[in-house]
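FYI, it's all coordinate maths here, none of it is from the lab. All of these numbers come straight from a predicted model, not from anything done at the bench. Here the Cβ positions follow ideal geometry from the backbone for every residue, glycine too, while neighbour counts run over all protein chains shown.
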Amino acid sequence: MWIRSTMAYRTSFVLTTLGNFAMTALDFVAILLMFSRVDALGGYALGEVAFLYGLTSLSFGIADLAIGSMERLGRRVRDGTLDTLLVRPAPVLAQVAADRFGLRRLGRITQGALILAYALVTVGIDWTPGKLLLMPVMVVSGAGIFCAVFVAAAAFQFVAQDAAEVANAFTYGGTTLLQYPPTVFARELVRGVTFVVPLAFVNWLPASYVLERPYPLDLPAWVAFAPPAVAVACCALAGLAWRAGLRSYRSTGS
């Protein structure tokens with residue numbers, strides 16, 4: 001329904017998609033400005049940082065397109081409009097994800113794909129079957145991990161009711177973090193996004209294998225191929241959190 005509504009005004013759709021593309025592109029412009037003054041950032045050249053940036057933006061863009069509307073759940077919990085979703089013969093999670101579905105988010109996906117293509121042309125990667133296989137696995141697994149973060153953050157809003165910015169710290173904040181090399185951050189932060197909220201499996205760890213860079217925290221080489229298992233585990237835990245949050249919902253009483 002939302003896609004049909006969007007395409008009814010094609011000029012508006014094109015302009016908003018281009019606007020989304022331009023706004024997200026400013027992030028990479030900031031990186032280009034940094035490299036106009038330095039030759040490397042945390043030991044990573046421009047092409048390697050672009051590789052991290054492209055992977056993160058593409059994975060997050062897919063998750064944001066599919067389930068980014070979950071961030072509106074807090075508003076529905078506060079005003080009681082979640083009740084209308086509970087009486088419909090469709091999964092509540094799917095309804096919340098589809099609420100005001102923003103096809104304009106394709107702009108972020110396009111921008112991330114273009115930056116990734118630029119990185120693949122620029123960086124001299126010694127391709128092997130393992131590295132070729134890891135590329136699509138990274139994108140799909142990364143999108144799954146971000147989807148799990150979106151759902152878990154939405155489940156937290158059943159308790160907090162007004163925690164959209166807390167959720168954004170892990171979703172939008174997480175993708176900004178992963179756009180830069182792990183070598184520019186403190187080890188405590190790298191540990192946190194590896195063992196607590198495992199965002200490092202989106203690109204830092206598998207990208208270290210592809211780029212032949214040292215692994216963060218001196219982890220073993222096999223962790224580069226762990227993103228699918230991490231994504232499945234994160235989605236399972238997020239699903240449990242969602243079910244627990246939904247069972248605790250008691251409406252507004254009005």
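Can you list the chymotrypsin sites (Phe, Trp or Tyr not before Pro) in region 98-201 that are in a DSSP coil and have 11 or fewer other beta carbons within 10 angstrom?
Those that pass, being in a loop and sparsely packed, are TRP127.
If I take R0 = 30 Å and measure r between the Cβ atoms of VAL184 and LEU132 in this structure, what FRET efficiency does the formula 1/(1 + (r/R0)^6) give, to the nearest 0.05?
So, using R0 = 30 Å, E works out to roughly 0.60.
Region 3-73: which trypsin sites (Lys or Arg not before Pro) are DSSP loop and have at most 10 other beta-carbon atoms within 10 angstrom?
Sites meeting the loop and neighbour criteria: ARG37.
Ranking ILE125, ILE3 by Cβ neighbours within 10 Å, fewest first, what do you get?
Ordered from fewest to most neighbouring Cβ atoms within 10 Å, ILE125, ILE3 come out as ILE3, ILE125.
When the Cα centres of region 68-121 and region 13-58 are compared, how far apart do they sit, in Å?
If you average the Cα positions of each part, the centres end up 23 Å apart.
Once fully extended, how much extra length lies between VAL121 and LEU219, figured as 0.36 nm per residue of separation less the alpha-carbon to alpha-carbon distance?
32.5 nm
Take each complete run of DSSP H in the chain, measure how far its Cα atoms stretch along the helix's own axis, and keep only those covering 18 Å or more with mean Kyte-Doolittle hydropathy at least 1.0; list them.
10-35, 46-67, 106-122, 129-160, 227-248
Counting other C-beta atoms within 10 Å, which of TYR9, TYR249 has the fewest, and how do the rest follow?
By the 10 Å Cβ count, ascending, the order reads TYR9, TYR249.
Subtract the Cα-Cα distance of ALA160 and ARG243 from 0.36 nm times their separation in residues, and report this length gain in nm to one decimal.
Contour length minus Cα-Cα distance gives 28.3 nm.
For VAL14 and SER251, what is the calculated FRET efficiency with R₀ set at 41 Å and r taken between the beta-carbons, to the nearest 0.05?
Result of the calculation: an efficiency of 0.55.
How long is the gain from MET7 to LEU86 if the chain were fully straight, where each residue apart is worth 0.36 nm and the alpha carbon distance is subtracted?
25.6 nm
Tell me, LEU114, LEU46 in order of fewest to most beta-carbon neighbours within 10 Å?
Neighbour counts put them in this order, fewest first: LEU114, LEU46.
If R0 is 22 Å, what FRET efficiency do you get for THR176 and LEU33 from their C-beta distance, rounded to 0.05?
Efficiency, rounded to the nearest 0.05: 0.90.
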